[in-house]
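The values are calculated or read from the model by the stated rules, or taken from the named source; none is laboratory data. This is a predicted model, so every value here is computed, not measured. Don't worry about glycine lacking a Cβ; one is built from the backbone with ideal geometry, like all the others, and counts go over all protein chains shown.
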Amino acid sequence: MAEDKPDTRFAALYDGARPAVRRPGSSGVDLLAGLLARFVLAAQFWTWGQANALPVIDAMDWRAWITPEPGLVAAARIWTQNQFDPELTAMLLLAAALLMTASLALGFLTRLAGLAAAAGALWHIVFILPEAWPTTLAWGALGLYLALRGAGPASLDWMAARLARLG
């Protein structure tokens, strides 16, 4: 008589052990793609902010970083059609660019930053400069990638998610 032995294919079900499951977004490709997308968008927001702000004289004064140049204020006047204060709108745009640069560089709240980048790219294509659609579409695609996939393993978001699962 043959011994009744469980089939080895189902042994993991009987021991209580589970096969290792690879989490989405944890591969080397996600690491590289997340880093590159974050770096490119952060560099784009940083250079845009520095090009549209007055030169920073005192780096310790927070207002120096978000003081818009007259060209950005004039553009904000056109964009808002004088419905909002153009000076305030330009300052808010510079502050958002600075915060998104920091967020993307650290990988903190990256999905929100990516969503904001994609929405900003859509706004730019539709209302501001439709002629620049190829470049703007590329920035929007990078933002959409980050909104959907996250920052990747080399980020504060990833670290916080891993720590949250430990407790």
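Checked against the criterion of being at pLDDT below 90, exposed (fewer than 13 other Cβ atoms within 10 Å of the Cβ) and either within 16 Å of Phe39 (Cα to Cα) or hydrophobic (A, V, I, L, M, F, W, C) (or both), the candidates Leu148, Leu166 yield just one match: Leu166. A residue that is out of contact with any helix residue (DSSP H, G or I) (no Cβ under 8 Å at 6 or more places or on another chain) and part of a loop (DSSP other than H, G, I, E, B) cannot be found anywhere in region 114-132.
Of the set (1) outside any helix (DSSP H, G or I); (2) farther than 23 Å from Ala33 by Cα; (3) at pLDDT 90 or above, all apply to Phe108 but (2). Tell me yes or no: at least one residue of region 108-131 is hydroxyl-bearing (Ser, Thr, Tyr), closer than 22 Å to Ser155 by Cβ, surrounded by 20 or more Cβ atoms within 10 Å (Cβ to Cβ) and touching a Leu at 6+ places or on another chain (Cβ under 6 Å). Checked against the condition, which is being hydroxyl-bearing (Ser, Thr, Tyr), closer than 22 Å to Ser155 by Cβ, surrounded by 20 or more Cβ atoms within 10 Å (Cβ to Cβ) and touching a Leu at 6+ places or on another chain (Cβ under 6 Å), region 108-131 yields at least one hit.
Look at region 69-88: where a residue is farther than 20 Å from Leu129 by Cβ and a partner is hydrophobic (A, V, I, L, M, F, W, C), sitting 6+ places away or on another chain with Cβ atoms under 7 Å, you get Glu87/Val73.
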